[in-house]
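Report on the following structure.
The values are calculated or read from the model by the stated rules, or taken from the named source; none is laboratory data. Since this is a predicted model, take the numbers as computed values, not measurements. Reconstructed Cβ throughout: ideal geometry from the backbone, glycine too, with neighbour counts over all protein chains shown.
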Amino acid sequence: MIRELLYTPNLLTLLRLIFIPLTVIAVLENHYIWALVLFLVAGISDGLDGLLARLLQQKTVLGQYLDPIADKLLLSTMFLVLSIAHRVPWSVTVLVFSRDIIIVIISALLYATGQFRAVRPSWWGKANTLAQIVTIPLVLLREISSAHWIVWGRWLGIRVTVALTIFSGVHYAMRVAFELRAAGAKAADTSK
């Protein structure tokens, strides 16, 4: 595992984790240009680590877990700190965190009951993540400029994030419920 940690894609993921406290400090000290630059560099490193993992044939189990954890930590932390700084409504941050916590609880329950199966991310979940990734820079840009398109983009980004957070969370819960029902019916049929 230590050897896998030293692979270039995993090092980029660790670098992204290091950017999180630096970005938080930049926001808390009202250095929004720096916060935006750090967030964008973190986003570029996210795309680069996946590309390098494929090109260098360095896909690892560690990377498969570490990469989404780094992404979630970055996004969730940014929503939290932007709410603390009164740049994002608390209701949005509560929804973002609640969705993620519910997904973790459902996964933990499935794992604990021995019914855990990897539930692949849905299109709605990916759209939700994309909305969050687009909204955060727009919120940061709004603190740098009052251009009409930025103000409008921030407004729209927050609303799309709210809608997709709710919809993707409900979709995930329903998908797991249907899969469990189907698995239960299949088990009942085979036991006859």
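Checked against (1) under 21 Å from GLN64 (Cβ atoms); (2) part of a loop (DSSP other than H, G, I, E, B); (3) among the aliphatic types (A, V, I, L, M), ILE106 meets all criteria but (2). Of the residues making up the stretch 105-137, just one is of a type in the set (D, E, K, R) and modelled with pLDDT of 75 or more, namely LYS126.
The residues listed here are SER122, SER146; of these, the one that is touching a helix residue (DSSP H, G or I) at 6+ places or on another chain (Cβ under 8 Å) and small (Gly, Ala, Ser) is SER122. The residue of the stretch 1-38 that is surrounded by the fewest Cβ atoms within 10 Å (Cβ to Cβ), among those that are modelled with pLDDT of 95 or more and among the aromatic types (Phe, Trp, Tyr), is TRP34. Residue count for the stretch 143-159, restricted to those that are outside any helix (DSSP H, G or I) and either among the polar types (S, T, N, Q) or closer than 18 Å to SER83 by Cβ (or both): 3. Of all residues in the stretch 21-47, those that are in the same structural domain as LEU82 (by TED's automatic domain parsing) have Cβ atoms under 6 Å from Cβ atoms of residues that are basic (Lys, Arg), 6 or more apart or on another chain, in ALA42/ARG16; SER45/ARG16.
Do we have GLY47 as surrounded by 14 or more Cβ atoms within 10 Å (Cβ to Cβ), in a helix (DSSP H, G or I) and small (Gly, Ala, Ser) here?
Numbers: surrounded by 14 or more Cβ atoms within 10 Å (Cβ to Cβ): no; in a helix (DSSP H, G or I): yes; small (Gly, Ala, Ser): yes.
No; evaluated as a whole, the condition is false for this residue.
Picking from residues in the stretch 163-180 that are closer than 13 Å to SER98 by Cβ and buried (at least 18 other Cβ atoms within 10 Å of the Cβ), the one that is modelled with the highest pLDDT is THR165. Please tell me if LEU140 is of a type in the set (A, V, I, L, M), at pLDDT below 80, part of a helix (DSSP H, G or I) and surrounded by 13 or more Cβ atoms within 10 Å (Cβ to Cβ). It is false that LEU140 is of a type in the set (A, V, I, L, M), at pLDDT below 80, part of a helix (DSSP H, G or I) and surrounded by 13 or more Cβ atoms within 10 Å (Cβ to Cβ). For the stretch 73-108, name all the residues that are in the same structural domain as ALA173 (by TED's automatic domain parsing), β-branched (Val, Ile, Thr), surrounded by 15 or more Cβ atoms within 10 Å (Cβ to Cβ) and within 15 Å of the chain's Cα centre (by Cα). VAL92, THR93, VAL96, ILE103 - these are the residues of the stretch 73-108 that are in the same structural domain as ALA173 (by TED's automatic domain parsing), β-branched (Val, Ile, Thr), surrounded by 15 or more Cβ atoms within 10 Å (Cβ to Cβ) and within 15 Å of the chain's Cα centre (by Cα).
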